[in-house]
Each structure stands twice: as structure tokens, then as C-alpha cells.
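These notes are about the structure you will find just below.
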Amino acid sequence: MNLMTGSTRRTFLKAAGAAAAGTLAAPYVQTAGSAGRLRLGVIDHWVPGTNEVLRQLLERWGEANHVEVTVDFITTIGNKLLLTAQAESRAGSGHDIFALEFHMVPMFKHRLIAVDDVVDDIVAAYGPIAELSRQAAFLDGAWRGGPSPVMNASAATVARRDLFLEHAEIDLTEWFPASDSRDPAKVDRWDWEAFGNAAAALHAAGRPVGAAISPVTDSSAWLAQLFASYGAAMVNEQGEIAADSDAVREALEYLTRLAEVMPDSVYAWDDASNNRWLISGTGSAIFNPPSAWAVARRDSPDVARHLWHCDVPRGPAGRFRAFNSIFWGIWDFSENQSAARDLLRYVAEPEVVVAMLEASQGYDLPLIASHYDRTTVWADAGPPAGGLYNYALRGDERTLTDGYPAPPEIAARISLQRVVPNLVARVTQGGEGFDDAIKWAENELEGVLRS
Amino acid sequence: MLPPLLRRKPAVAVLMCVPLFGLILGLVAYPFFHALFLATLNKAETAFVGLDNFSFLFGRQTFWMVVRQSLLFALVAVVFKALIGLAAAHAINTIPTKGQRKWRGMMLIPWVIPPALSTLGWWWLFEPTYSAINWGLTKLAVPAVPWLSDTFWARFSIILVNVWVGAPFFLIMYLAALKSIPGELYEAAEMDGAGPWQKFFYITLPMIRNIIAITTLFSIIVTLANFDIVRVLTQGGPLNTTHLFATYAFRVGIESGDIPLGAAVSLFMFPMLAILAFIILRNVRRRAASLA
């Protein structure tokens, strides 16, 4: 189903509805628990129109199974999703099923019921869940949530192919073609130095690249992938503070140079700033899922047709892409846990996953590898044709979460306390020496590690 | 016929105060003692750790930066709110009574708009990339100002918005105080040849001293506890340099999942404010007693 070329929202919803109908006709086995009422708190999608499709699918499931389903879409802007989860977990009331970003699962694991039976069924039917995602939700020997059909996303490079070609002499469509015929030599050249050189040229041309260095999620994500590619970590796999290292200094040294050719406003950007900046036509590259492209396609088609998604630059220690795995957990105070379990099984079915991948115009990425082969949405998306092909991981990138390689619970806190963005800003904006900034980070990390 | 108990005036008074006591117990006392309780627990909220959370905070660089910032923010903002409020109250007080109402109404607008909403308006003016103010400045060939991305300007911005929101409170309190000063005092002073400054320093200020003290105390408490302005404008950035007690407690407690440490941060200002309130209220009481 090609949703990208000439499809209106009406025809698109119709198509999604057909997918839902197909799914409902599939051999879903209704259990005794499928009745009553279910309230879901899920993430308000960045891509216009996706919420409606999800609501339609869930409500149709509810109708077919005599469950009254209500869906609340909660934005992640201003951490509202996290705040709602905090409020519900402490009050012991609220939704039955709640969407949890990777860093929220460890935080609320004590209030989430184990859903091993659900995930075992899903894995048996469709294959394993990605290892990175497993680490986020398989805690203390139990699964604390089932895979979400929406909002799993990664922070790819989203660049203006026309500006990169004109000012940096890099043809991204050639380096990262919309096919499997990559030239390994060209891909290998796509490292942070090449990116930095391009950024300098684009800055000189008045079309700089930009990425937030502020206390927001986007900052943590892109800096996590850069730090990892230099082998730099705040806390190592054993849970020990590891900020005082040559690798961290190398990463900071590189960022000092890169920050000079980015706009000063990056120190105050929120999670939507990079999108607005790219869509406005001012910027030439950001690190993001395709939401900027999806909105530009609606609001600024002249910009959208030049946006090319590709791999993250590599560093001395490899190439990493930050991946946000979303899980749907069931609160232990849910009064309809049986129906909630059934719903988690349902949303992992291929028809639902594919309907949502296509509704999100390729923004979402599945947590189960086998689901990648069920749609061609990333190849079909456009204009530009093939612009999202490399948003799905195609090359040598390894996925990570913010706080990598620390254990999940510590990684979550590193991410939420914005240790890395603040460390970087102290150097690049505050002009602090590496040693002083690292000392500050170590002091913060002591707080992160306390039990 | 009322039962004998209700015929006793003190009993009726106590009974009528019960809803108020209930509100105070539920919305003030319980949250306060619960916060105290939380601040004595470990991170997982499973064990009593006494004052460990406080001693842990004292070793954190960022916490001490937040202490300094909160004091700077409160002092600067309250001074400007008081000065602007006093000047505006005087200005309005000189307008003939008939025309005063519309000015009072207009001046109160910033105070009555929910701060989260009005601050959002300010955020649009300061927006890091597309600031409306900067758009105007660049049209005038003036360089853009990094309102929210530079430490100095970010602090300036949150103080400016706080002053904008809070000055009308001072205005209305001072205006009420000015109106309560008997006109005869000024007439007598004029007959003795006193000028405007002498009247201000020897009549106005002494007569409204208690109001100034109470208003300042109240404003310091509210300003130190401010949350929404920083949350909407800067989220504590850049470099944590605009965090106040409330926003830092929120970051540590709610957003990072360390509720006991967050509770300890928010309780840190309580002893300071309690001492300040004690001193100011004692002085007010003494002055009132001496006047009586």
C-alpha cells in the first residue's frame, strides 16, 4: 500500500480501516478476559493522522470483543507522558495500559505486571524482539510490557540533499541510495569528521546543521550516538562511573568544533525546535525520525522533497543510532488485566503493525525483526522517492539507548537528568575546560548511581 | 430548637471552622508531613535513611548552584516588583478617583492571567530561533539577543516575566495602603513646607511599612517557590543555570524518579522561609503594638 503518492487523508484512513477490518477477520481467539472496559494512555504521534488510525483499530478490536476501549493520546512534549505515568503510578489509578518510553520501563517496573505469557506468544508467532528493546523491558527476569505498534523510532540523519550537494559536495543519494547497492567506501567516508566539514561549509553558506544541546530528549539521543561512536561513556556496563576517559575528551573536542558551526539557539531548543528549523528551510540537517519530513510534506513541500534520511556518521568506535523502544505496560492496579493482555497480543499482530507503520508514513520502526519484511513503506515513501529508505537500518549501524552502555535503570537516569547535554554545553557554551566539566559530570553521576 | 451544644457560641464557631481545618489538614499539613516523610526515605522508598538525602544534596555542585540562583532570582525579582508596584501605585493614586478603575483593571491583567499561559506568550516572544522580539530587533538592524540560550539573558528573561506577573500584586497592595493614609497628614506637612520627597519619606513610607513588609514576605515566599515560568521558558537550561528549588526538585524527583531527593530539595527552603517569616512578622507585630 503506497500511502505517500497522492493519497489524501480520507483515502488513507479508508485504507487503514480496511487493514483493520482485515485484521479483525483474522483468527484472533477471544478469551474469557476480553470484556469490560479498557483505558489506554498512548503517545500522541508526531505524524499527522496516525492517532486516528490507531484509535480506529483499537476501537474496532473493542467492538469485536465487547470491550469498551477509550484511548487518550498523551504528548511527550514537556515530559507530559512521564508526568502522567508518575501521577498514575503513585495514585494507583488511571489507565489500564500505558505507553512507556525505554527509560520509563525501569522507573515504573514495580507497578507493571509481568507479561511474559504475552511476549512469549508474540515471540513464538513472529520471532524475537530486538535485543536492545529486550534489554529495556525485560527487567528482573520478567517482561514489563509488550511491544508498542507505534512511536518506536530512531534518530537518523535527516539532511537537505540539495544543500549538501551544493555546499559540501556530498551527494547523499549516491552515498546512501534507495537500494541495497551501497558503495562501502562511500559509506565508510560518512564519519563525524566528514559531517563536521560539511557542517562548516553549510554554515559558511548560511544554511547550518543543527542539533539541540539542551535539557531535552533529542539532545540526549543524538549526543548518545556521537559519544558511543567515540567509545565514550558516562557509566560502563558494570555500572561504574567512566566519564573521565580519553574517549570522552575526544568527543568533547569534536563537539567543540561542531558547535561553532551550529546556531547558538541549540542551547535552548526543545524537542520540536529542530523540526521547525528544518521545515522552515533554514537548516540543512538534523538528527531525527521522519516527523520533520512528514510535517514538511504537509506544510512545506518544497523542503520535504529535498529531505534525505540516512545513516548516522561513524566515529572511531563505530556507527550508532539511538533507538527509542516503546512498550505498552499494564498497571498493577488495572481492573481488566486479562483484556489488557489480549490487547497487547492483538497490537503485535502483523496486520496492526503494518497498518501503523504505513499510517505513520514510515516514522515508526517495528521492534520485531520479521515485521520489517511485511511492508515497503520506507522504500515507497516520498517525495523524494527513496527519501526514507535508509531510515530503516540498512548498514553497519548498531542501535543504542541514551545512557549506553550503562545498565538500563542507570541509563534511564543518565538520560533523564540530561547529564550528557549539560556536560557538552558546559564545554561548548560555558567554555569550561574538559577536566572541570568531567568533574562536574562525575559529581552528577554519583547522584544517578545512588540507591 | 438547637441542641444545647450548638447554642454555645464557641462550639458553633469551632463547628463552622471544621471545613477550613479539613482543607488545611488535607492540602497543607498532610502534604507537608508527607514530604518530610519522603525526604527521610532511600531512593526506592523502602528504608528510612534519616537526613542522608540532605547530606547527599550538600555534596552536589548543581544543588548549590540552584540555591544561589534561587536567592538571586527571588531577591532581584522582589526588589523590582516592589519598586515598580510602588511607582505604579503612586501614579494611579494621583489619578482622579473616577478614572482610576480602568487603570487598576488594566494593570492587574498580568496578575490574573494564569502564569502558564502568559509565560507561553512570552516564550513565543523569546523563542530560541524565531523570537518575535528578535525579528523586530533585526528589522531595526540591532543584533538578535539569545534570550533563552545564554545564561545571563535566560536569567534576565525569567526575572523579567516574574516581575511582569508579580508587580500588579504589589501595586494593588500599595494602592490600598496609600488610600488608607489620612489626607490631613499630607495637608499638615504641606503647611509646614514639606516637599514631595519629604512627604514620601516621612509620611508615606512609615505609614505603609507594615504593608511593605508583609507584601515582601509573601512575595519572597511565592517567588522562591516559582515553578511555571522556568518550566515553560527554559526547563532549567542553559547549563542548569535557571533552575529554582521547585524546578530542580521536579527534575530530580518527578522526572528522574528520585522522589525522596526531590522532596529534600523542595524542603530545603522551608527553614530559611520560616526564619524570614518569623522575623518579618515579629517586626510587624511590634510596630502595630507601638502604634496602638
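What about B:Ile221, is it assigned to a helix (DSSP H, G or I), free of Cβ contacts under 8 Å to residues at least 60 places away in the same chain and closer than 30 Å to B:Thr247 by Cα?
yes
Just to be sure I understand the filter: pairs with C-beta atoms under 9 Å, separated by 6 or more residues or on different chains, first member in segment A:60-87 and free of Cβ contacts under 8 Å to residues at least 12 places away in the same chain, second member among the β-branched types (Val, Ile, Thr) and assigned to a strand (DSSP E or B). Which pairs pass?
Between residues of segment A:60-87 that are free of Cβ contacts under 8 Å to residues at least 12 places away in the same chain and residues that are among the β-branched types (Val, Ile, Thr) and assigned to a strand (DSSP E or B), the close pairs are A:Glu63/A:Val69; A:Lys80/A:Ile74.
State the number of residues belonging to segment B:224-259 that are more than 10 Å from chain A (Cβ to nearest Cβ) and closer than 25 Å to B:Phe48 by Cβ.
Counting residues in segment B:224-259 that are more than 10 Å from chain A (Cβ to nearest Cβ) and closer than 25 Å to B:Phe48 by Cβ gives 3.
For segment A:73-141, please list each of the helices (runs of 4 or more DSSP H) lying entirely inside it that holds at least 1 residues being away from chain B (no Cβ under 14 Å) and modelled with pLDDT of 95 or more.
The qualifying helices (runs of 4 or more DSSP H) are A:116-126.
Do you know which of the residues in segment B:122-132 that are surrounded by 17 or more Cβ atoms within 10 Å (Cβ to Cβ) and of a type in the set (A, V, I, L, M, F, W, C) is farthest from A:Asn422 (Cα to Cα)?
B:Trp122
Taking the condition out of contact with any Ser or Thr (no Cβ under 9 Å at 6 or more places or on another chain) and of a type outside the set (Asp, Glu), does A:Ala178 pass?
Answer is yes for this residue.
A:Trp222 fails exactly one of the following numbered conditions: (1) over 15 Å from A:Gly318 (Cα atoms); (2) crowded, with 22+ Cβ neighbours inside 10 Å. What is the number of that condition?
Among (1) over 15 Å from A:Gly318 (Cα atoms); (2) crowded, with 22+ Cβ neighbours inside 10 Å, the lone unmet condition for A:Trp222 is (1).
Evaluate the following for B:Arg60: is it out of contact with any Ser or Thr (no Cβ under 8 Å at 6 or more places or on another chain), without any contact (Cβ under 8 Å) to a residue 24 or more places away in the chain and closer than 25 Å to A:Trp440 by Cβ?
yes
Scan segment B:122-153 residue by residue and report those that are out of contact with any helix residue (DSSP H, G or I) (no Cβ under 8 Å at 6 or more places or on another chain) and either part of a loop (DSSP other than H, G, I, E, B) or not hydroxyl-bearing (Ser, Thr, Tyr) (or both).
Those that are out of contact with any helix residue (DSSP H, G or I) (no Cβ under 8 Å at 6 or more places or on another chain) and either part of a loop (DSSP other than H, G, I, E, B) or not hydroxyl-bearing (Ser, Thr, Tyr) (or both): B:Glu127, B:Asn134, B:Trp135, B:Gly136, B:Leu137, B:Lys139, B:Leu140, B:Ala141, B:Val142, B:Phe152, B:Trp153.
Test B:Gln235 against the criterion of being buried (at least 18 other Cβ atoms within 10 Å of the Cβ) and free of Cβ contacts under 8 Å to residues at least 24 places away in the same chain, and give yes or no.
yes
Give, as residue ranges, the helices (runs of 4 or more DSSP H) completely inside segment A:168-284 that count at least 2 residues that are modelled with pLDDT under 95, on the phi > 0 side of the Ramachandran plot and among the basic types (Lys, Arg).
none
When you check A:Asn288 against the structure, is it surrounded by 24 or more Cβ atoms within 10 Å (Cβ to Cβ), touching a residue at least 40 places away in the same chain (Cβ under 8 Å) and more than 25 Å from A:Ile410 (Cα to Cα), yes or no?
It is false that A:Asn288 is surrounded by 24 or more Cβ atoms within 10 Å (Cβ to Cβ), touching a residue at least 40 places away in the same chain (Cβ under 8 Å) and more than 25 Å from A:Ile410 (Cα to Cα).
Which of the following residues is touching a Gly at 6+ places or on another chain (Cβ under 8 Å), under 24 Å from A:Val216 (Cβ atoms) and surrounded by 15 or more Cβ atoms within 10 Å (Cβ to Cβ): B:Ile259, B:Ile229?
It is B:Ile259.
Please find, within segment A:241-298, the residue that is nearest to A:Gly387 (Cα to Cα) out of those that are within 11 Å of chain B (Cβ to nearest Cβ) and of a type in the set (Asp, Glu).
Within segment A:241-298, the match that is nearest to A:Gly387 (Cα to Cα) is A:Asp271.
Could you check segment A:388-451 for helices (runs of 4 or more DSSP H) lying wholly inside it with 2 or more residues that are surrounded by fewer than 17 Cβ atoms within 10 Å (Cβ to Cβ) and within 14 Å of chain B (Cβ to nearest Cβ)?
Per the criteria, A:434-449.
Among A:Ala355, A:Ala317, which is the only one that is surrounded by fewer than 19 Cβ atoms within 10 Å (Cβ to Cβ) and either modelled with pLDDT of 95 or more or on the phi > 0 side of the Ramachandran plot (or both)?
A:Ala317
The values are calculated or read from the model by the stated rules, or taken from the named source; none is laboratory data. Treat the numbers as computed from the prediction; the structure is a model and nothing was measured. Glycine gets a Cβ as well: all are built from the backbone with ideal geometry, and neighbour counts include every protein chain shown.
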